[in-house]
Amino acid sequence: RVRRPPNTHCVSAHPPSARLWANEHGSRGGDELNMIEGGHNYGWPEVTYSIEYWGPKISNETSRPGITDPLLVWTPSKAPSGLTFYTGDI
């Protein structure tokens with residue numbers, strides 16, 4: 001079971017490994033890139049970098065034991081709109 005974050009924008013499977021990756025939009029920052037694994041808790045709303053649109057932080061914690069940290073956080077927000085893996089030569 002995976003607890004869904006508030007605004008998952010894109011989920012994509014990495015072709016060689018079939019691992020699921022997801023990006024999510026936070027409010028006023030806190031956009032995240034996560035590698036999704038069953039049974040993991042990604043923290044929302046107890047642990048997040050997001051800020052409510054009317055001002056306060058959603059949480060004072062950005063990390064906690066037992067919570068899977070994001071691999072990348074964009075603050076200020078970048079609003080990633082897709083997720084693609086390129087496996088060819090450059």
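Matching residues to (1) touching a strand residue (DSSP E or B) at 6+ places or on another chain (Cβ under 9 Å); (2) closer than 18 Å to CYS10 by Cβ:
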site	(1), (2)
GLU24	yes, yes
ILE51	yes, no
ILE58	yes, no
SER63	no, no
TRP74	yes, yes
PHE85	yes, yes
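Here ASN34 passes the criteria (1) surrounded by fewer than 16 Cβ atoms within 10 Å (Cβ to Cβ); (2) part of a strand (DSSP E or B); (3) not aromatic (Phe, Trp, Tyr) except the one numbered (1). Under the condition of being in contact with a Pro (Cβ under 7 Å, 6 or more places away or on another chain) and among the aliphatic types (A, V, I, L, M), the residues counted in the stretch 46-64 number 1. Taken as a whole, the condition of being among the hydrophobic types (A, V, I, L, M, F, W, C) and assigned to a loop (DSSP other than H, G, I, E, B) applies to TRP44. Taken over the stretch 5-28, the criterion of being over 16 Å from ASP69 (Cβ atoms), modelled with pLDDT under 90 and surrounded by 13 or more Cβ atoms within 10 Å (Cβ to Cβ) is satisfied by PRO6, ASN7, THR8, HIS9, CYS10, VAL11, HIS25, SER27, ARG28.
Considering only residues that are touching a Ser or Thr at 6+ places or on another chain (Cβ under 8 Å) and either over 17 Å from ASN7 (Cα atoms) or part of a strand (DSSP E or B) (or both), which ones fall in the stretch 47-56? Hit for the stretch 47-56 is ILE51, nothing else. Whenever a residue of the stretch 20-45 is at positive phi and touching a residue at least 40 places away in the same chain (Cβ under 8 Å), its partners that are surrounded by fewer than 21 Cβ atoms within 10 Å (Cβ to Cβ) and in a strand (DSSP E or B), lying with C-beta atoms within less than 9 angstrom and at least six residues away or across chains, give the pairs ARG28/ILE51; GLY29/ILE51; GLY29/VAL73; GLY29/TRP74; GLY30/ILE51; GLY30/VAL73; GLY30/TRP74. Scanning the stretch 66-90 for residues that are without any contact (Cβ under 8 Å) to a residue 60 or more places away in the chain and over 17 Å from the mean Cα position of the chain (by Cα), which turns out surrounded by the most Cβ atoms within 10 Å (Cβ to Cβ)? Only one residue tops the list, namely TYR86.
The values are calculated or read from the model by the stated rules, or taken from the named source; none is laboratory data. Just so it is clear, the model here is predicted, and its values are computed rather than measured. For neighbour counting, all protein chains shown are included, and Cβ atoms are generated from backbone atoms with ideal geometry for every residue, glycine included.
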